[in-house]
Amino acid sequence: VHRSQKVDFAKMSLTSPDPKNPVKSGPERYNASLAAHPSKETMSEEILRPSLRNTGAVLVGLCLLILLPGSTDALLHSKGIFPALGLPVATALWVIAIVYRILFSFAAGWVTARLAQTPRLRSVYILSGISLAMGLLNVRLSLGHADLVPLWYPVAVAITSPLAALLGGKLLIAKRPA
């Protein structure tokens, strides 16, 4: 239609050649276009919500990795099962400490995978990476205190803790796929 031609809009038909997909008009057309093309705010919420939930899942797992073994250590020291800080610790007690750290790391990986949205395993990998970094830092800090902490203990914790967290996360994912 050229500008010079007159168009009678009242005679124009809004029917669609496809009866399954009728042409919408007015508010229906506007709402349909919003549904087909979400706004930037909606898109950013869709992107942000899973990443916030995954970050929260990793933080909860990290809190479990730090608080559970630390509070168990404090409890065992207060009950006299572990000797007072600064005194030598028997090898059997170091082994017990490794065992409960492995169990708590497994639980932290499981909880992280449970709380995370897809991809769940990414959150567990991040938690395991943080656990490995913390374990390696612990090894480095323990090097100067061979009289208090045998070197094999922080090395064993640095190796087993991230692996246990991975195993806990993978076990949940295997039983409950996303």
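The values are calculated or read from the model by the stated rules, or taken from the named source; none is laboratory data. Model, not experiment: these values are computed from the prediction. Cβ: placed from backbone, ideal geometry, glycine included. Neighbour counts: every protein chain shown. We work out accessible area using only protein heavy atoms, side chains counted, and drop any ligands, DNA or RNA first. Shrake-Rupley method; radii C 1.70, N 1.55, O 1.52, S 1.80 Å.
What to note about this one:
- Residue within region 119-130 that is within 10 Å of the chain's Cα centre (by Cα), of a type in the set (Lys, Arg) and either at negative phi or surrounded by fewer than 14 Cβ atoms within 10 Å (Cβ to Cβ) (or both) present: yes
- The selection criterion, being open to solvent by 90 Å² or more (accessible area, probe 1.4 Å) and either of a type in the set (Val, Ile, Thr) or at negative phi (or both), does not hold for LEU166.
- Scanning region 67-81 for residues that are surrounded by fewer than 14 Cβ atoms within 10 Å (Cβ to Cβ) and either touching a Gly at 6+ places or on another chain (Cβ under 6 Å) or of a type in the set (A, V, I, L, M, F, W, C) (or both) yields a total of 4.
- Count of residues meeting criterion [open to solvent by 100 Å² or more (accessible area, probe 1.4 Å) and at pLDDT 90 or above] in region 140-154: 3
- Test result for SER105, at pLDDT 95 or above, open to solvent by less than 40 Å² (accessible area, probe 1.4 Å) and assigned to a helix (DSSP H, G or I): yes
- Residue check, VAL58 open to solvent by less than 30 Å² (accessible area, probe 1.4 Å) and either at pLDDT below 90 or within 10 Å of the chain's Cα centre (by Cα) (or both): yes
- Any hit, region 28-37, residues being modelled with pLDDT of 85 or more and of a type outside the set (Ser, Thr, Tyr): no
- Residue in region 82-89 that is among the aromatic types (Phe, Trp, Tyr), open to solvent by less than 30 Å² (accessible area, probe 1.4 Å) and in contact with a helix residue (DSSP H, G or I) (Cβ under 7 Å, 6 or more places away or on another chain) present: yes
- In this structure, LEU127 does not satisfy being out of contact with any Gly (no Cβ under 9 Å at 6 or more places or on another chain) and not polar (S, T, N, Q).
- Residue list for region 80-102, filter: modelled with pLDDT of 95 or more and more than 21 Å from HIS145 (Cβ to Cβ): VAL99, TYR100, ILE102
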